[in-house]
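Below you'll find the structure, written out as structure tokens, and then a few comments.
The values are calculated or read from the model by the stated rules, or taken from the named source; none is laboratory data. These numbers come from a predicted model, not from an experiment. Positions of Cβ are generated from backbone atoms using ideal geometry, with glycine treated the same way; all protein chains shown enter the neighbour counts. Note: areas computed on protein heavy atoms with side chains; ligands, DNA, RNA excluded. Shrake-Rupley method; radii C 1.70, N 1.55, O 1.52, S 1.80 Å.
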Amino acid sequence: MRAAVKVSALSKRFGSVQALRGIGLEVERGELFGCIGADGAGKTTLFRILCTLLIPDEGRAEVLGFDTVTEYREIRRRIGYMPGRFSLYQDLSVEENLHFFAMVFGADVEENYDVIRDIYSHLVPFRNRKAGQLSGGMKQKLALSCALVHRPDLLVLDEPTTGVDAVSRREFWQILQRLKEQGITILVSTPYMDEASLCERIAFFQDGRLLGLDKPSGFTRLFRRPLFSVKAQNKHRLMTELRKFPHAVSVHAFGGTVHYSESRPDSDPSEIQAKLVSMGVTDVAVERIEPCIEDTFMMLIENNV
């Protein structure tokens, strides 16, 4: 079976900014594939090329077996795209937006309602409300409904949960899992590492480069140094003192704790704790932990700076 997305040596420049640098990857049909990286890493540029909104300077991209430059019309009929910014007509009602996008694709809302039922059911009480008056979570559901109303083979979502509350984020990813079960290929970017862990495979982007591509569990195995979760009464003081340690490799704030790694393979938590106490840090607690995706992502960025 041919890949849903195939990218080879893809590059794109905007003036002096190199947005993509020789990117190559494949997304399998029926896969939930995630792209993560900081703002400016190249994710949106890649998505816009795949959606035939930009032409690459170098390289080639295929979507559902069609070339993004020469066969763009075939691609546009078969994909659903949800950009990072809410892009529906704010002065049209919920129902008007849905029927408009169905008409654009030559689709019928009633005929394809089974695809959007789980999502659109939340919007039915607000179907006569203007889209611009919806909450962030409801705008998100409307945009997804409009991207799905023509029953696409590939769904491309550019940071769809940015700016919405935690409950809406969780509901949205539950919806994506159900869409995947229907056989829809999903390509999604996210700034949230907990969301990335829900994907089957993830690609890490930084400064237009692809730093790595693997299953979430495969990425965490790349982190081979001892990692510790360290707490103290004064977190700023704690991070300052940890950076002075002779074997320190990384020190990052992580919620209410600090994730600390060092070069010694036999590092002892009690030794780290005793040293911090001797430096005047109070209420110290140290435990060794397993790395998460965010730890690995930070390591990959630091190694490629």
Contour minus Cα-Cα span, residue 287 to residue 275, at 0.36 nm per residue, comes to 2.9 nm
With Cα coordinates, the longest principal axis of the chain makes an angle with the long axis of helix 166-181, in degrees rounded to 10, of 60 degrees
What is the helix-to-structure angle for 136-148, meaning the angle in degrees between its Cα long axis and the longest Cα principal axis of the chain, kept from 0 to 90 and rounded to the nearest 10?
50 degrees
With springs only between Cα atoms under 10 Å, which of 264, 209, 129 fluctuates most in a Gaussian network model of the chain?
264
Among [x] 18.4; [y] 16.3; [z] 15.2, the entry derived from the coordinates for mean projected area of the Cα convex hull in nm²:
[x]
Cα gyration tensor category, rounded, prolate or oblate, for segment 107-182 with a/c compared to 1.5
oblate
Which percent of Cα-Cα pairs in segment 178-305 sits in each 5 Å bin, short to long?
2, 10, 19, 19, 16, 12, 10, 6, 3, 2, 1, 0
Heavy-atom surface of the chain, accessible at 1.4 Å and reported per residue (Å²)
48 Å²
Using the Cα centre of the chain as the reference point, and only Cβ charges (+1 on K/R, -1 on D/E), how large is the resulting charge dipole? Debye, rounded to the nearest 20.
440 debye
Once you have all Cα-Cα distances for segment 1-141, histogram them in 5 Å bins from zero and send the whole-percent values.
2, 8, 16, 17, 17, 14, 13, 9, 3, 0
Over the chain, with every protein chain in place, what whole percent of the accessible area is carbon and sulfur at 1.4 Å, could you tell me?
48 percent
Could you tell me which of 229, 199, 135 has its Cα farthest along the dipole of the chain towards the positive end, charges placed at Cβ (Lys, Arg +1; Asp, Glu -1), taken about the Cα centre?
229
Taking all pairs of distinct alpha-carbon atoms in segment 5-53, Kirkwood radius in angstrom
11.7 Å
Here FRET efficiency (C-beta to C-beta, residue 178 to residue 253, R₀ 30 Å, nearest 0.05) is 0.30
Quick one: which residues, 5 or more positions from residue 58 or on another chain, have an amide H under 5 Å from its amide H? H modelled 1.01 Å from N in the peptide plane, none for Pro or chain starts.
11
Kindly give the semi-axes, whole Å and largest first, of the ellipsoid equivalent to segment 100-237, taking each as the square root of 5 times a Cα gyration tensor eigenvalue.
35, 20, 13
What length, rounded to one decimal in nm, is gained on full extension from residue 244 through to residue 60, with 0.36 nm per residue of separation minus their alpha-carbon distance?
61.5 nm
Added length on full extension, which subtracts the Cα-Cα distance from 0.36 nm per residue, residue 71 to residue 207:
46.1 nm
Reach of residue 235 by Cα under 17 Å, taken over aspartates and glutamates that are not fewer than 8 positions away in the same chain:
283, 287
Inter-site label distance for residue 117 and residue 86 at 7 Å from Cα along Cβ, in nm
2.8 nm
When the dipole is taken about the Cα centre of segment 183-251, and only Lys, Arg (+1) and Asp, Glu (-1) are charged at their Cβ, what size is it in debye, to the nearest 20?
460 debye
What's the angle, to the nearest 10 degrees (0 to 90), between helix 269-278's Cα axis and the longest principal axis of the chain?
60 degrees
